[in-house]
Amino acid sequence: MIQIVSWVAGFILMIWLLGFLIGMPLFIFLYLKFQARESWAMTSIGTVVAAVFIIGLFDRFMHLPWPLTPLSGMGIPGLLPA
C-alpha cells in the first residue's frame, strides 16, 4: 500500500515540478523500468508511444494551455508551455 501511495505522490510531484509534457513520460519510464521491471526495449517503446500520444493529442491537436510550473522560470528548455 505504501509503495502505491509513493508512486502516486511521485507522479503528482513530477507533474507539479516539471509539468505534464515532461512529468508524464518521465513517470511512465520510471514506473515501467523500476516497478514493473520491464526490459529496456519495452520501457523505451512504452515511454515513446505515451509521449507521442500525450504531446500529439493534448498539445498539438487539442491545443490545451499548460500551467506554469515552479521550475518554468528557471530557463530550463522544455519547461515553458508552447
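The values are calculated or read from the model by the stated rules, or taken from the named source; none is laboratory data. These numbers come from a predicted model, not from an experiment. Glycine also receives a Cβ, built like all others from the backbone with ideal geometry; neighbour counts cover every protein chain displayed.
Assorted remarks:
- Pairs, first farther than 10 Å from Gln35 by Cβ and part of a helix (DSSP H, G or I) in the stretch 1-13, second at pLDDT below 95 and among the small types (Gly, Ala, Ser), C-beta under 8 Å, six or more apart: Phe11/Gly23
- Residue match in the stretch 46-57 (condition: of a type in the set (S, T, N, Q), surrounded by 13 or more Cβ atoms within 10 Å (Cβ to Cβ) and within 11 Å of the chain's Cα centre (by Cα)): yes
- Within the stretch 58-82, residues that are aromatic (Phe, Trp, Tyr) have Cβ atoms under 7 Å from residues that are modelled with pLDDT of 70 or more in these pairs: Phe58/Leu64; Trp66/Gly19; Trp66/Phe20; Trp66/Leu21, counting only partners at least 6 apart in sequence or on another chain.
Here is a yes/no grid of residues against (1) in a helix (DSSP H, G or I); (2) out of contact with any Ser or Thr (no Cβ under 9 Å at 6 or more places or on another chain); (3) over 23 Å from Ala9 (Cα atoms); (4) modelled with pLDDT of 95 or more:
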| position | (1), (2), (3), (4) |
| --- | --- |
| Thr43 | yes, yes, no, yes |
| Ala51 | yes, yes, no, no |
| Arg60 | yes, yes, yes, no |
| His63 | no, yes, yes, no |
| Pro67 | no, yes, no, no |
| Pro70 | no, yes, no, no |
| Gly73 | yes, yes, yes, no |
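- Against the numbered list (1) under 18 Å from Ser72 (Cβ atoms); (2) touching a Pro at 6+ places or on another chain (Cβ under 9 Å); (3) not aliphatic (A, V, I, L, M), Thr47 comes up short only at (1).
- Residue pairs whose Cβ atoms lie under 9 Å apart, sitting 6 or more positions apart in sequence or on different chains, and linking a residue in the stretch 32-53 that is within 20 Å of Leu21 (Cα to Cα) and free of Cβ contacts under 8 Å to residues at least 24 places away in the same chain to a partner that is acidic (Asp, Glu) and surrounded by 12 or more Cβ atoms within 10 Å (Cβ to Cβ), are Leu32/Glu38; Gly46/Glu38.
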